[in-house]
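Novice: One structure, pasted below without further comment.
The values are calculated or read from the model by the stated rules, or taken from the named source; none is laboratory data. Predicted model only: the values in this text are computed from it and were never measured. Cβ coordinates were reconstructed from backbone atoms using ideal geometry, including for glycine residues, and neighbour counts include every protein chain displayed. With ligands, DNA and RNA removed, areas are computed over all heavy atoms of the protein, side chains included. Shrake-Rupley method; radii C 1.70, N 1.55, O 1.52, S 1.80 Å.
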Amino acid sequence: MFKINENYQKLPGSYLFSTIAKKVSAFTQANPDKDIIRLGIGDVTQPLAPAVIEAMHKAVDEMGNAETFHGYAPDLGYEFLRNAIAENDYKSRGCEIAPDEIFVSDGAKSDSANIQEIFSQDNRIAVCDPVYPVYVDSNVMSGRTGVYDAKTETWSDVIYMPCTMENGFVPEFPKETPDMIYLCLPNNPTGTTITKAQLQEWVDYANRSGAVIIYDGAYEAYISEKDVAHSIYECEGARTCAIELKSFSKNAGFTGVRLGYTVVPKELKCGDVSLHGMWARRHGTKFNGAPYIVQRAGEAVYSPEGKAQLKEQVAYYMKNASVIKAGLKDAGYTAFGGVNAPYIWLKTPDKMTSWEFFDYLLEKANVVGTPGSGFGPSGEGYFRLTAFGSYENTLAAIERVKKL
Ligand code: MLT
């Protein structure tokens with residue numbers, strides 16, 4: 001008789017955004033006349049930039065012609081894309097990342113879930129609390145998190161680093177020494193971030209304690225403040241302790257296109273074993289590359305037209321962020337984020353729990369958000385709104401919230 005991976009049985013409930021989708025779908029069925037505005041999952045709403053569409057059309061035509069047809073992509077991704085990434089995301093910022101340290105993938109969600117595979121089962125992970133659920137769930141699936149305590153909603157073998165109003169949403173070095181540290185900056189879900197100097201302290205801490213940092217930079221394009229690093233490799237010493245995950249979903253609207261990349265520097269080693277070699281082995285065995293058409297679309301993100309068009313797109317979403325934050329403040333809410341990230345993190349009113357506020361907002365304003373407790377115990381009493389809606393819907397949602 002076959003056996004299953006019992007670790008899956010330990011996962012409490014369903015994936016956060018699936019739970020929300022089910023709840024909203026039940027509400028819509030019961031109230032078909034209600035006009036729901038969705039500011040829950042961080043999914044983009046603006047069409048792909050013209051430069052991206054043009055590149056995709058061209059690549060589609062190439063695929064229809066025997067001379068220019070492309071089959072399997074090279075293991076690490078096409079050089080034209082890796083060169084563009086190395087030049088624009090790293091060299092231009094003074095970071096030393098070679099094209100062959102970049103692994104092109106189908107997005108940061110899968111990379112952030114898969115990267116734990118190359119690490120020992122015995123490693124202790126540390127996560128910010130609240131946290132993007134994929135980091136913890138993927139470690140649960142691999143049996144690294146110990147026993148779940150339903151009362152505290154925590155895992156016995158996970159080190160939680162609370163990020164709350166009280167500490168300005170800045171994680172503090174944990175008392176126990178972790179082996180793997182997940183950092184998402186600018187942060188999902190709180191929409192807040194830390195300065196480059198604070199990030200440097202994390203890099204120094206990791207190098208000192210022999211830990212690896214899994215650095216999720218999916219929201220980097222939304223940074224507006226000068227003292228915030230766009231890449232962890234802007235910090236001295238990061239090449240020996242950090243893996244960086246990047247996404248095209250939020251900076252270029254590729255949530256439905258799927259493209260991302262992971263950087264594993266060659267100096268990152270455990271003894272004399274190179275993590276670069278391990279990730280290359282895993283990538284080569286388990287992944288057959290993002291599609292050629294999509295990688296050409298990714299290349300267009302770095303063209304002068306692409307850059308200009310996407311700057312406007314990011315500004316469009318950040319205008320929504322300002323509307324949400326200002327509207328919430330007018331309505332008497334305490335709200336954070338929305339300056340270097342497209343998320344606004346608000347304190348629920350009248351001591352409501354995050355899920356109580358979710359139901360209240362859905363029923364009374366027909367607005368969908370994300371309950372903070374879905375991201376971890378320290379998210380209880382908070383609620384996330386995304387700036388990725390259309391401007392019109394964002395305005396309408398905030399007007400409804402103000403009238404509550
Ligand atoms: C979110 O809403 O947190 C994100 O959009 C989910 C994701 O990127 O997978």
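Novice: Taking all protein chains together and a probe of 1.4 Å, list 240, 19 from the most accessible to the least accessible.
Specialist: So, going from the largest accessible area down, we get 240, 19.
Novice: Leaving out ligands, DNA and RNA but keeping every protein chain, what accessible area does residue 20 have, in Å² rounded to the nearest 10, with a 1.4 Å probe?
Specialist: For residue 20, solvent-accessible area is about 10 Å².
Novice: As a test, work out the antiparallel percent of DSSP beta bridges whose residues both lie in the chain, rounded to the nearest 5.
Specialist: Beta bridges within the chain, antiparallel portion: roughly 55 percent.
Novice: So which of 10/319; 91/269; 151/196 end up more than 29 Å apart by C-alpha?
Specialist: 10/319; 151/196
Novice: Give me the net charge of residue 109's neighbourhood, meaning all other residues with Cβ under 13 Å from the Cβ of residue 109; Lys, Arg count +1, Asp, Glu -1.
Specialist: -2
Novice: Carbon and sulfur atoms: what percent of the 1.4 Å accessible area of the chain do they account for?
Specialist: Accessible surface attributable to carbon and sulfur in the chain totals 52 percent.
Novice: Give me a comma-separated list of calculated 3J(HN,Hα) values for region 333-345, in order, Karplus coefficients 6.51, -1.76, 1.60 applied at θ = phi - 60°, integers in Hz, x for any Gly or Pro.
Specialist: With the stated coefficients, region 333-345 comes to 7, 9, 9, 10, x, x, 9, 10, 7, x, 10, 10, 10 Hz.
Novice: Another question, if that's okay. Rolling a 1.4 angstrom probe over the protein heavy atoms, how many square angstrom per residue are accessible across the chain?
Specialist: I get 44 Å² per residue for this part.
Novice: Apply the Karplus curve 6.51 cos²θ - 1.76 cosθ + 1.60, θ = phi - 60°, to the phi angles in region 212-228 and return the couplings in whole Hz, x for Gly and Pro.
Specialist: 10, 9, 9, 9, 9, x, 4, 9, 3, 5, 9, 5, 10, 8, 5, 8, 10
Novice: So who's got an amide H within less than 5 Å of the one on residue 124, skipping anything under 5 residues away but keeping other chains? H placed 1.01 Å off N, in plane.
Specialist: Under 5 Å from the amide H of residue 124 lie the amide H atoms of 179, 180, each far enough along the sequence or on another chain.
Novice: Whole number please: convex hull volume per residue of the Cα set in region 192-234, in Å³?
Specialist: 72
Novice: What shape does region 159-273 take by its C-alpha gyration tensor, where a ≥ b ≥ c are the square roots of the eigenvalues and a/c under 1.5 counts as rounded, a/b above b/c as prolate, and the rest as oblate?
Specialist: Numbers: a/c = 1.73, a/b = 1.15, b/c = 1.50.
It comes out oblate by the Cα gyration axes.
Novice: Among 220, 101, 67, which one moves the most in a GNM of the chain with springs linking Cα atoms closer than 10 Å?
Specialist: Looking only at 220, 101, 67, the largest GNM fluctuation is found for 67.
Novice: Follow-up question, since we're still on this one. Considering only protein heavy atoms, with the full assembly of protein chains and a 1.4 angstrom probe, order 399, 236, 62 by accessible area, largest first.
Specialist: If we order 399, 236, 62 from most to least accessible, we get 236, 399, 62.
Novice: For the chain, set up a GNM with springs between Cα atoms under 10 Å and report which of 149, 272, 359 has the largest fluctuation.
Specialist: Checking each option, the largest mean-square fluctuation is seen for 272.
Novice: Further question: Pull up the DSSP beta bridges for region 87-206 and report the antiparallel fraction as a percent, rounded to 5.
Specialist: Working: 2 of 10 bridges.
Roughly 20 percent of the DSSP beta bridges within region 87-206 come out antiparallel.
Novice: How big is the accessible area of residue 70 in square angstrom, nearest 10, if you roll a 1.4 angstrom probe over the protein chains?
Specialist: 50
Novice: Ignoring everything except DSSP H segments at least 4 long, calculate the 222 nm mean residue ellipticity for the chain; use -39,500 (n - 2.57) per segment, divide by total residues, nearest 500. Spell out each step's value before the answer.
Specialist: Numbers: 12 runs with 143 residues, N = 404.
Estimated from H runs of four or more residues: -11000 deg cm²/dmol.
Novice: Within straight cross-link reach of residue 307, meaning Cα distance under 17 Å, which aspartates and glutamates are found once same-chain residues fewer than 8 apart are removed?
Specialist: 54, 87, 89, 220, 299
Novice: What does the charge dipole of the chain about its Cα centre add up to, to the nearest 20 debye, if the Cβ of each Lys and Arg holds +1 and the Cβ of each Asp and Glu holds -1?
Specialist: Working: 40 positive and 50 negative charges, 154 e Å.
It works out to roughly 740 debye.
Novice: Taking Rh as the Kirkwood radius computed over C-alpha pairs, what is the Stokes-Einstein D of the chain at 4 °C in a medium of viscosity 1.567 mPa s, expressed in µm² per second?
Specialist: The Stokes-Einstein estimate is 59 µm²/s.
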